[in-house]
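Since the structure comes first, as structure tokens, the remarks are kept for the end.
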Amino acid sequence: MATERVSRAFGRVVGLAVSDDAAARTELPFWWHDEPGLTPEAHWTLSGDGTAVIGELELWVAEHARTHTFVHAGVVGIGGAAIVLPGRTFSGKSTLVAALLALGAEYGSDEYALIDPQGLVHAYPRPLSLRSGGGVVRLPVAAATMTACPAALVAVLTYDPAAAPEAGFTPAPLTRAEAVLRLLDNTVSAASRPAPAIAALDALTAPARCISGARAEAAVTATALVDLVATGS
């Protein structure tokens, strides 16, 4: 018999029917806390491919969240500030996040950057999803160590396998307005709740350096990004 579980989620209430509580605990998002008695606004049933179901639940929360704006992005923390790497699924952001972690960055997310109304970046920890052998491997990582912080760098990057590492990393600067538009293109609630999304992104970019361009291999680019944050140039 299925068990009904309910949790608050960023100002919303969601429900999930599960037939195996032990299995559900391995799939539930980090923010899940059972609160029996609440009436869910949206409901899912966990059966079959649990990963897909939880992904649908998380996407609904991302679009309808009242407390934060969800941006598809990789996120790491360095020296009390965040590097935000907007990009959709399979854009290479997970690989770049992994390379930054190898350099000592603090883990935030490889899927969502959570932006509060003041523009601070919050972690959304989940296993890293890396492509391998034509499929996707989900690698566990340590719990997020990045605390809420301002953004130091917003980097809108596209992987170019032809980019030569020896040529150096020469991204182009983005104006604040351009950066907001690029971030908005990766914001889950851009169509349904544009006004609060734009306000949060405007606050996010206020202290940040914003760049765009092609990148080479993740390890090379990660080193360049850390140097940019360290030097501020």
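Each reported figure results from applying straightforward, stated rules to the coordinates on display, with no laboratory input. Model, not experiment: these values are computed from the prediction. In this analysis, Cβ positions are derived from the backbone assuming ideal geometry, glycine residues included, and neighbour counts consider all displayed protein chains.
For the range 25-113, the mean projected area of the C-alpha convex hull, equal to one quarter of the hull surface, is 7.3 nm². Treat the chain as a sphere of radius equal to its Kirkwood radius over Cα pairs and apply Stokes-Einstein at 20 °C in a medium of 1.002 mPa s; give the translational diffusion coefficient in µm²/s, rounded to a whole number. Value of D from the Cα-based Kirkwood radius: 117 µm²/s.
Helical runs assigned H by DSSP (4 residues or longer) give the chain a calculated mean residue ellipticity at 222 nm of -8500 deg cm²/dmol, each run adding -39500 (n - 2.57) before division by the residue total. Entry note: the range 1-47 has Rg to Rh equal to 0.92, where both radii use alpha-carbon atoms and Rh is the Kirkwood radius. The distance between label points at Ala162 and Leu38 comes to 5.1 nm (points 7 Å beyond Cα on the Cα→Cβ vector).
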